[in-house]
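First the structure, in the form of structure tokens, and then the observations on it.
Just so you know, all these numbers are worked out from the coordinates, no wet-lab data involved. All values derive from a computational prediction rather than experimental measurement. Cβ atoms come from the backbone with ideal geometry, glycine included; neighbour counts cover every protein chain shown.
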Amino acid sequence: MNASEFNARYPVGTPVYAYPGCRPEDDPNDEQLVTQTRSKAEVLGGHTDVVWVHGHSACIALSHVDVAPRTNTPDVVAHGEDGVSVTRTIKLKRACNGCGQALGDVDNRDVDAHGNLTDVRHECPFCRLVVELERQGWRAWFLTERNIGSVDHEADKLGVYAKGYWQQVDGKLTVVGLRVGTGESRVVARFGDWIAVSPNGSWAVHAAVAS
Ligand SMILES: [Zn+2]
């Protein structure tokens with residue numbers, strides 16, 4: 001990962017493991033810091049991507065920095081001796097920007113320098129693929145009841161016919177998603193699926209795993 005990719009994902013303060021000397025796979029006894037970034041990443045001397053971390057004065061090459069895995073602390077429910085009172089201890093959880101599933105505890109990586117939420121879809125097992133597609137120039141939407149109208153409109157603008165996809169639900173004909181295109185090349189996305197269009201105009205669906 002280069003400096004600009006790193007900065008796009010990880011704000012200053014992101015928890016990291018840093019190896020000033022050797023990476024642990026090269027020398028397990030060399031210094032390993034469990035710390036946080038204290039600067040943005042930058043390109044040093046026009047050739048090496050580096051970042052500064054707390055607890056070490058010099059910069060460290062990004063090849064020697066691993067972003068720490070997100071912790072996930074379960075809620076703890078304690079019952080009082082009276083048998084009635086209940087104390088619940090929770091750690092605030094981060095939801096995926098795409099599908100909304102909880103990814104783990106909130107920490108410094110979740111808010112950027114302007115107070116905005118970072119994009120953590122690359123951490124999500126379901127949405128990770130979409131981040132990669134967007135990098136390749138695809139446009140993608142996580143289809144919901146709320147945005148089906150605007151996705152339909154985007155398809156229209158690209159000259160593709162789209163309409164609601166209807167199915168019987170509990171004996172009633174109901175819109176359950178969006179149909180895009182006609183004939184062989186048509187795709188159907190249900191609410192909770194990703195629908196995406198490639199730079200050359202072909203549509204694809206990344207379907208949620210049926211629960
Ligand atoms: Zn997701």
* Above 22 angstrom, tally the Cα pairs of the chain and express them as a % of all pairs, no decimals. => 64 percent
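Order these peptides, 22-32, 182-192, by their mean beta-carbon neighbour count within 10 angstrom, highest first. Kindly include the intermediate steps, with their values, before the conclusion.
Details: 22-32: 11.9, 182-192: 14.4.
Result, highest mean first: 182-192, 22-32.
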* To do: For helix 148-157, report the angle its Cα long axis makes with the longest principal axis of the Cα atoms of the chain; keep it between 0 and 90° and round to the nearest 10°.
  => 80 degrees
* Asked: Taking a temperature of 37 °C and a viscosity of 0.692 mPa s, what whole-number D in µm²/s does Stokes-Einstein yield for the stretch 105-180 with Rh from Kirkwood over alpha carbon pairs?
  -> 216 µm²/s
* Which of the cysteines in the chain are isolated, no other cysteine C-beta under 4.7 Å? -> 22, 59, 99
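To the nearest µm²/s, what D does Stokes-Einstein give for the stretch 76-122 at 20 °C and 1.002 mPa s, using the Kirkwood radius over alpha carbon pairs as Rh?
Working: Rh = 12.9 Å.
My calculation gives 166 µm²/s for D.
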* **Spatial separation of Cα centroids for the stretch 25-67 and the stretch 127-195, in angstrom** => 42 Å
